[in-house]
Amino acid sequence: MAGDWTLGIESTAHTFSFGLVDGSGSPKPSASDTLRPTEGGIHPREAADHHVELSSVLLKRVLDENNLQPSDLGTVAYSQGPGMGACLRTGAAAARAISTHLEIPMIGVNHCVAHIEIGREQCGCDDPILLYVSGGNTQVIARLDGRYRVLGETLDIGIGNMLDKFARKHGIPFPGGPVIEKKALEWLSQNPEPSLQGLELPYAVHGMDLAFSGLMSAANKLVSQGKPFEAVCWSLQEHAFAACIEVAERALAHTGKTEILLGGGVACNQRLRDMSSIMCTERDASSHCPPRMYCIDNGTMIARLGWLEINSGRITSLIESGIDQEMRTDQTPISWA
Ligand code: ATP
Ligand code: FE2
């Protein structure tokens, strides 16, 4: 007889991760591994090979860490999209194999919605504006009329992608975001006077939308002109994060909502967290951030959304289990509370 745990499989990009929620939907930390190319960007095929190689090790690890047997699993959830095709296919294939072998239902879920739902669960917020800032995605999202609607988003590259590309150009390997955060802090500690910290960069807010590639090019230019690298890192963060916070604030004003939830890998950044808190305090709203292990891509958030959806009656048949690289946040009807 099958158990009542839900296994979640995350494979949208460079991270392969298995996570669990128990029968009451309570999350347990994931077993994950991230491909970190020594040079260049991520090649989808190489990431997919990485995922296949590690799948049995990571699955065993997450079960062992929770003293579980495969027979304790009752559902398997996986990221159906959006993401890189080759990577998504490895997670979907693992889900099909586990579902068939254990004779348990599977459910393909929306990766972006999973970021929101793990954040709601972890932070106890009810109806937030989500500022979803990751490598591939930068979106401001709100729940309206039974869907998570994208109110604003990047018109070019994701904010994390911009940070990673800027870092890579200056010899810092993936992921560049945390190193830029460290360099910016070094600059701040050497220059505590705010007027000395900022270098001029473009600020690309277009209505409710954002853009980052022009900002990145201008930051590269400052480095080539001989400006201190740490100073450019500080200014790059200030401009990019302020733009995101401005759009999130406008989303609060338009919708009348009173909570901001941060999600995605860039939400690990303390400066972004602080900016969100300052903005929320100023307008009597609250700012929420999940623990960092649930900001970055993780299998647990996939398990959590799978658990919510299966309890509201949806499963994915073998024939519907194909991936959707372009899956949109507002494509998934919200059938749960
Ligand atoms: P998605 O598929 O949702 O786009 P992703 O594949 O980009 O997600 P995540 O794990 O959500 O994966 O995010 C990774 C990104 O987060 C990278 O761009 C990385 O540089 C960035 N990041 C991680 N930590 C920090 C930090 N402290 N400051 C800034 N950026 C960070
Ligand atoms: Fe993600």
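What's the local net charge at residue 17, with K and R +1, D and E -1, over the other residues with C-beta under 15 Å away?
Summing Lys/Arg as +1 and Asp/Glu as -1 gives +1.
Quick one: which of 21-29, 74-82 comes out on top by average Cβ neighbours within 10 Å, and what's the full order, highest first?
Packing proxy ranking, top to bottom: 74-82, 21-29.
Considering only the chain, what is the antiparallel percent among its DSSP beta bridges, to the nearest 5? Can you show the working numbers first?
Values: 25 of 43 bridges.
Taking every DSSP beta bridge within the chain, about 60 percent pair in antiparallel fashion.
Output the relative contact order of the chain, whole-number percent, from Cα pairs under 8 angstrom with separation of 6+ residues.
Answer for the chain is 27 percent.
Using alpha carbon centroids, what distance separates the range 299-314 and the range 1-74, in Å?
Cα centroid to Cα centroid, the span is 15 Å.
Order of 107-119, 311-323, 44-56 by packing, highest average Cβ count within 10 Å first?
Final packing ranking: 107-119, 44-56, 311-323.
With just the Cα atoms of the range 24-127, tell me how far they stretch along each of the three principal axes, in Å, largest first.
Principal axes ranked by extent give 42, 37, 23 Å for the Cα atoms.
Test of understanding: express the Cα radius of gyration of the range 126-294 as a ratio to 2.2 N^0.38 Å, with N the residue count.
The reported ratio for this selection is 1.01.
Could you pull out every whole DSSP H run in the chain that spans at least 24 Å of Cα extent along its own axis and averages -0.5 or higher on the Kyte-Doolittle scale?
Long hydrophobic helices here: 44-65, 85-102, 229-255.
If you build the convex hull over the alpha carbons only and average its shadow over all orientations, what do you get for the range 273-337? Give it in nm² to one decimal. All intermediate terms of the calculation are to be shown ahead of the outcome.
Values: hull surface 26.4 nm².
The Cα convex hull of the range 273-337, projected and averaged over all directions, gives 6.6 nm².
Can you pull the Rg over Rh of the chain, Cα-only, Kirkwood?
Over the Cα atoms of the chain, Rg/Rh equals 0.98.
Suppose accessible area is computed on protein heavy atoms with a 1.4 Å probe; arrange 62, 223 from highest to lowest.
Result, largest first: 223, 62.
Just to confirm, what accessible area per residue do you get for the range 126-294 at 1.4 Å probe, in whole Å²? Numbers along the way, then the final one.
Details: 7160 Å² over 169 residues.
On a per-residue basis, the range 126-294 sits at 42 Å².
So how do 295-306, 122-133, 2-13 stack up, highest first, on mean other-Cβ count within 10 Å?
Values: 295-306: 30.0, 122-133: 21.7, 2-13: 25.9.
Result, highest mean first: 295-306, 2-13, 122-133.
In the chain, how many lysine pairs have Cα atoms under 18 Å apart, counting only pairs 8 or more places apart or on different chains?
Lysine pairs meeting both conditions in the chain amount to 11.
Share of the range 126-294's accessible area from carbon and sulfur, percent, 1.4 Å?
The C+S portion of the solvent-accessible surface of the range 126-294 is 52 percent.
Output needed: percent of Cα pairs per 10 Å distance bin for the range 95-225, bins running from 0 to the one holding the longest distance.
Percent of Cα pairs in each bin: 10, 28, 30, 21, 7, 3, 0.
Sum -39500 (n - 2.57) across every DSSP H segment of at least 4 residues in the chain, then divide by the residue count to get the 222 nm mean residue ellipticity, nearest 500.
-14000 deg cm²/dmol
The values are calculated or read from the model by the stated rules, or taken from the named source; none is laboratory data. What you see is a predicted model; the values in this text were computed from it and never measured. With ideal geometry, Cβ positions are generated from the backbone for all residues, glycine too; neighbour counts draw on all protein chains shown. What goes into the accessible areas is simple: the full protein's heavy atoms, side chains included, and nothing from ligands, DNA or RNA. Shrake-Rupley method; radii C 1.70, N 1.55, O 1.52, S 1.80 Å.
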